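Here is the structure we will look at.
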Amino acid sequence: MDEYQLDYFKENGFVRKQCPKCGKNFWTRDAETEFCGDPPCVSYSFIGAPVFKKEYDISSMREAYLSFFEKHGHTRVSRYPVIARWRDDIYLTIASIADFQPFVTSGLVPPPANPLTISQPCIRLDDLDAVGRSGRHLTTFEMMAHHCFNKRGEEIYWKDRTVELCDSLLKSLGLDLDAVTYKEAPWAGGGNAGPSVEVMVGGLELATLVFMDLKQTKGGSIDIKGDSYEKMDNYIVDTGYGLERFVWASKGSPTIYDAVFPKIVNELMDLAGIEHAIDNPEYAEIFSQNARMAGVMDISGQANLLQLRKKVADSIGTTVEKLQRIMVPVESVYSITDHTRCLAFMLGDGIIPSNVKAGYLARLVLRRTLRLMKELEIREPLIEIIEMQIRNFPEYPEFKERLDTIREIVGLEEEKYADTIERGTKLVRKTAQHFKEKKEKMPLGEIIQLYDTHGIPPEITREVAKEIGIDIELPDTFYSLVAKKHSKAEEDEDKALKLDLPQTRKLYYEYPEQSDFEATVLDVIEKNIVLDRTIFYPEGGGQPADHGTLSVNDYVANVTDVQSLNGVIVHETDSDFGFKKGDTVKGILDWERRLAHMRHHTATHIVNEAAKSVLGKHIWQTGAQKSTDRARLDLTHFKRISEDEFKEIELRANRSVMKNLPVHIDWMDRIEAEKRYGFVLYQGGVPPGKDIRILRVGNDVEACGGTHVSNTGFIGPIKLLKTERIQDGVERIEFSAGEAAIKRLQERDDLLNKASEALRVSPEQLPDTVNRFFEEWKDFKKENERLKAELAEARVKAMMGDAVDVNGLKVLAKKIPHADVEELIKVATEFSKNDDVVAILASDKSGVKIVVAAGARAQKLGVNSGAIVREMSKLVGGGGGGKPGIAQGGGTDASKIEEALEKGVEMVREKVG
RNA sequence: GGGCCUGUAGAUCAGGGGUAGAUCGUUGCGUUCGCAACGCAAAGGCCGCGGGUUCGAAUCCCGCCGGGUCCA
């Protein structure tokens, strides 16, 4: 391909070669180089043989990189959070380019600087299993990068300059440039594609230089792996230099972990009581060998791991078992080191552990870390290690600010995990015992169930079951089996109708206080009307659409819904009148509805701000919905909001109202706004477009497209109604504002008044009185129970004489008026304590109730209470059943009671007589 | 966002249309110089809430509330 025939290569004595192993092309200065430089074609040669002229640590390498590019015309940009707040398609920041997607890369929004350089912390959890084991995998890494956003006709630099910069950077670090190969590796991903070169040194991929200039397009002329692409107008230099790998290459340590965080690895080794393995040359060689071999293979999954172990064991002349004994604890230490760094970033950037979304990922890492710590018998609290990491990052002072919150979160998470494990262990014991008694194997379904519904990892199930004495085999594919159980949600089809109409002028922004307007009809699609301008707010940002009327002369149609389709606003009406293109219509808003929405919307911002000030900086809005009579606001928080906090939020929100703060609205350049206010702007979601609407009320600043009152005083009272935990880690606050709030308060008063009237006490006395009533009610119930038992005894004595003799059995058939089932049962049971008595009782309470009880001897003779009751009940139009000793039944026809009793006696006679 | 599990005595749980149970804990009595242990006995339940089905619901169905958990 011509894509790679760079002038720079030609002018600097590079030769293009084809790797005899993988067949890929690569460029090198050294004509002797045979292979492409990429594992598995070659293996690591830098371990024990550092490639730069001196050793760097994380911060000195980062600084060397950024200042190099600064010197070469790039502007240094601060890092973005690891939680991708500005995007709704990914949770975590996975690459430096992710910072600039989608609006900068699409060309809609200019970059914060151009060209720019950045060192962006990224988190990828895809290879979690390999972390610690492969010697090179990390969940968290910094992607150093320089980006250049070009437009046709406005090119800043492209491929040649990019490779040149890479070369000179490497040279400035003291690399012998003969040692580097640029491997051709076309790149595609996320709807974009382009040529790319991988920068290989010593068998390690230090960087990737991507030249993104294609976008996936239907019917595009360029075909890559079956998808068609087209050239973009804007084309982007997207580089990624692995900071940790550079550090590793500069030190040549056995593993990346030893290179990047030697201090923490050492401290953890101490805590775990493990010998400082890497100081021991013999051990260092094992880990070097392991990293070299892992470098050339995929080690995901048990089978692959075992294969690696075997290779390493063979190469140093030992057994797999011995090797495992040495390596596993050290690998765990590496993992913990990596994971706690990951947690420092996640929690430091404000992720709240939860069972959904990014919070779930945080919990996953956290629990994995706790498990590893337990295995190593590290008793130090997790937070201590995370704090160690935070102290180790003086370049991220923002983490220290949040330390108190982080401490509380980690503490709570540790407790939760301990609870889960404890509950889990009990459950597993029980389940295992069950199968042991049945002398069966524990079925796989059961183990999946334990994991799926109770969160008990299969490893723990196996361990606990072993104690009970049951062996369990776990398939390698366990986790994919679980995944299979959960079907995927179908994606809705995109059926947005395309309108070839100009953007509607948004009068609701220009005249927020106005409730009527005139406009021209641009199009009519059935009952949907498009105007050139409108004052009707379309549904969006959690605010419902405006209602009102549209009229032409005398004809009036109701507007029932308003939607915005890419800026074209469509009014859905109930009209059967033919609105025509060109008509001038008069629109009138249902102002009460709109006003209620405005109040609730501005109130939402105020409550959000109040919640943040009461609960802490980690509070982040995850959703909100307004209506005319209430609004709700979902916030990330790691525990339930207490009653006191609830009241305090309410109080502070109302104080903001009483201050009558002005509501400022400005349209701002997106990048400018992000720079000034940060990503807190995107509480309510990420709006599209170059310019965004910024709303400021008090200390709250958000990008918001909603309609608002001009001063907080217009909101009126804000009444918090309740909090709810909609998900672990997400609290929902419901409230009403303005007139709706007053209505709520009145409704509550009504409830209180009704309740106190019913009890004839004042509302103040209500709690005490209700309490007393409830206690008394319980006492009476018990009393009643006791009296019934006494009464039953008395009745038995009184009625014994009425029994008829049936072949030696005493059969008593009697109607006891008004008795309820319980009474009947008590009496019947009392009778049947006599072995030879059969009691057949009935009452006429709410229809017919029947109870039959038979003494022990009667039962032996074949009297079956259940059968008798069944037959009797049929007669009275119902059903019944029970055990031979006692049975209940009933029906609806009270006039047949005598008949039923006779039937009962007859049945006994049939059996015995 | 999509599932699944779960709510019974102070605690841990069993039962799963037909008189609400076990163990521990509590209280009393016995035994003891006293304690522990043991023996006997008792107290302690809106079976989460509201509807429905049924002669009858802790149990089945629906809704709500609370707790847990998995997947994306």
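The values are calculated or read from the model by the stated rules, or taken from the named source; none is laboratory data. From a predicted model like this one, the values you see are computed outputs, not experimental measurements. Cβ placement follows ideal geometry from the backbone for every residue including glycine, while neighbour counts extend to all protein chains displayed.
A residue that is surrounded by 11 or more Cβ atoms within 10 Å (Cβ to Cβ), within 16 Å of RNA strand B (Cβ to nearest atom), over 29 Å from A:G623 (Cβ atoms) and free of Cβ contacts under 8 Å to residues at least 60 places away in the same chain can be found somewhere in segment A:760-767.
Of all residues in segment A:439-451, exactly one satisfies the criterion of being exposed (fewer than 13 other Cβ atoms within 10 Å of the Cβ) and either within 13 Å of RNA strand B (Cβ to nearest atom) or within 17 Å of A:K374 (Cβ to Cβ) (or both), namely A:G445.
Looking at this structure, is A:V330 within 16 Å of RNA strand B (Cβ to nearest atom) and either under 20 Å from A:Y451 (Cα atoms) or in contact with a Phe, Trp or Tyr (Cβ under 8 Å, 6 or more places away or on another chain) (or both)? Judged against the criteria, A:V330 is not a match.
Against the test of being assigned to a helix (DSSP H, G or I) and farther than 15 Å from A:T369 by Cα, the options A:I299, A:I286, A:I336 yield a single qualifying residue, A:I286. Of all residues in segment A:357-406, those satisfying the criterion of being of a type in the set (S, T, N, Q), outside any loop (DSSP other than H, G, I, E, B) and touching a residue at least 60 places away in the same chain (Cβ under 8 Å) are A:Q389, A:T405. Residue count for segment A:517-560, restricted to those that are closer than 20 Å to A:T584 by Cα and out of contact with any helix residue (DSSP H, G or I) (no Cβ under 9 Å at 6 or more places or on another chain): 26.
Regarding A:E793, is this residue charged (D, E, K, R), more than 10 Å from RNA strand B (Cβ to nearest atom) and either at pLDDT below 85 or assigned to a strand (DSSP E or B) (or both)?
Yes, satisfied.
Per the listing A:E415, A:E398, the residue uniquely out of contact with any Asp or Glu (no Cβ under 9 Å at 6 or more places or on another chain) and among the charged types (D, E, K, R) is A:E415.
Scanning segment A:752-790 for residues being more than 18 Å from A:V821 (Cα to Cα) and either of a type in the set (D, E, K, R) or assigned to a helix (DSSP H, G or I) (or both) gives a total of 27.
Conditions tested, residue by residue: (1) free of Cβ contacts under 8 Å to residues at least 12 places away in the same chain; (2) assigned to a strand (DSSP E or B); (3) among the small types (G, A, S).
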{"position": "A:E3", "(1), (2), (3)": "no, no, no"}
{"position": "A:G13", "(1), (2), (3)": "no, no, yes"}
{"position": "A:K21", "(1), (2), (3)": "no, no, no"}
{"position": "A:A31", "(1), (2), (3)": "no, no, yes"}
{"position": "A:V42", "(1), (2), (3)": "no, no, no"}
{"position": "A:F46", "(1), (2), (3)": "no, no, no"}
{"position": "A:E63", "(1), (2), (3)": "yes, no, no"}
{"position": "A:D88", "(1), (2), (3)": "no, no, no"}
{"position": "A:F103", "(1), (2), (3)": "no, no, no"}
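Screening segment A:728-741 for residues that are surrounded by fewer than 19 Cβ atoms within 10 Å (Cβ to Cβ) and under 30 Å from A:K357 (Cα atoms) and picking the one that is farthest from RNA strand B (Cβ to nearest atom) gives A:E734. One residue alone among A:R725, A:R744, A:R748 is within 16 Å of RNA strand B (Cβ to nearest atom), among the basic types (K, R) and surrounded by 11 or more Cβ atoms within 10 Å (Cβ to Cβ), and that residue is A:R725.
Restricting segment A:840-873 to residues that are within 11 Å of RNA strand B (Cβ to nearest atom) and surrounded by fewer than 18 Cβ atoms within 10 Å (Cβ to Cβ), the residue that is nearest to A:P817 (Cα to Cα) is A:K845. Filtered by the rule that a residue be acidic (D, E) and more than 20 Å from A:T504 (Cα to Cα), segment A:548-565 gives a lone residue, A:D554. Pairs linking a residue in segment A:413-424 that is in a helix (DSSP H, G or I) to a residue that is near RNA strand B (Cβ under 9 Å from one of its atoms), with Cβ atoms under 6 Å and 6 or more positions apart or on different chains, are A:Y417/A:R367; A:T420/A:G455; A:G424/A:H454; A:G424/A:I456.
Comparison of A:D223, A:D213, A:D227 shows that the only residue that is free of Cβ contacts under 8 Å to residues at least 24 places away in the same chain, farther than 28 Å from A:S43 by Cα and surrounded by fewer than 21 Cβ atoms within 10 Å (Cβ to Cβ) is A:D223. Inspection of segment A:885-901 finds no residue satisfying the criterion of being more than 9 Å from RNA strand B (Cβ to nearest atom), modelled with pLDDT under 90, in contact with a helix residue (DSSP H, G or I) (Cβ under 8 Å, 6 or more places away or on another chain) and assigned to a strand (DSSP E or B). Exactly one residue out of A:I351, A:I390 is surrounded by 15 or more Cβ atoms within 10 Å (Cβ to Cβ) and within 16 Å of RNA strand B (Cβ to nearest atom), and it is A:I351.
Okay, residues lined up against (1) in contact (Cβ under 8 Å) with a residue 12 or more places away in the chain; (2) of a type in the set (G, A, S); (3) not in a helix (DSSP H, G or I):
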| position | (1), (2), (3) |
| --- | --- |
| A:N266 | no, no, no |
| A:N290 | yes, no, no |
| A:K310 | no, no, no |
| A:A313 | no, yes, no |
| A:R325 | no, no, no |
| A:V328 | no, no, no |
| A:A344 | yes, yes, no |
| A:L347 | yes, no, no |
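From the list A:I256, A:I264, pick out the single residue that is more than 17 Å from A:L206 (Cα to Cα) and either touching a helix residue (DSSP H, G or I) at 6+ places or on another chain (Cβ under 8 Å) or of a type in the set (D, E, K, R) (or both). The match here is A:I264.
The residues listed here are A:V199, A:V237; of these, the one that is free of Cβ contacts under 8 Å to residues at least 60 places away in the same chain, touching a strand residue (DSSP E or B) at 6+ places or on another chain (Cβ under 7 Å), closer than 25 Å to A:I123 by Cα and buried (at least 22 other Cβ atoms within 10 Å of the Cβ) is A:V199. Of everything listed in (1) outside any helix (DSSP H, G or I); (2) more than 18 Å from A:D805 (Cβ to Cβ), the single unmet condition for A:N834 is (2). Scan segment A:849-870 and report the pairs whose first residue is in contact (Cβ under 8 Å) with a residue 24 or more places away in the chain and among the basic types (K, R) and whose second residue is within 11 Å of RNA strand B (Cβ to nearest atom) and assigned to a loop (DSSP other than H, G, I, E, B), with Cβ atoms within less than 8 Å and a gap of 6+ or a chain change. Partner pairs satisfying both residue conditions: A:K849/A:D820. Here is the figure for segment A:663-678: residues that are in contact (Cβ under 8 Å) with a residue 12 or more places away in the chain and out of contact with any His (no Cβ under 9 Å at 6 or more places or on another chain) total 11.
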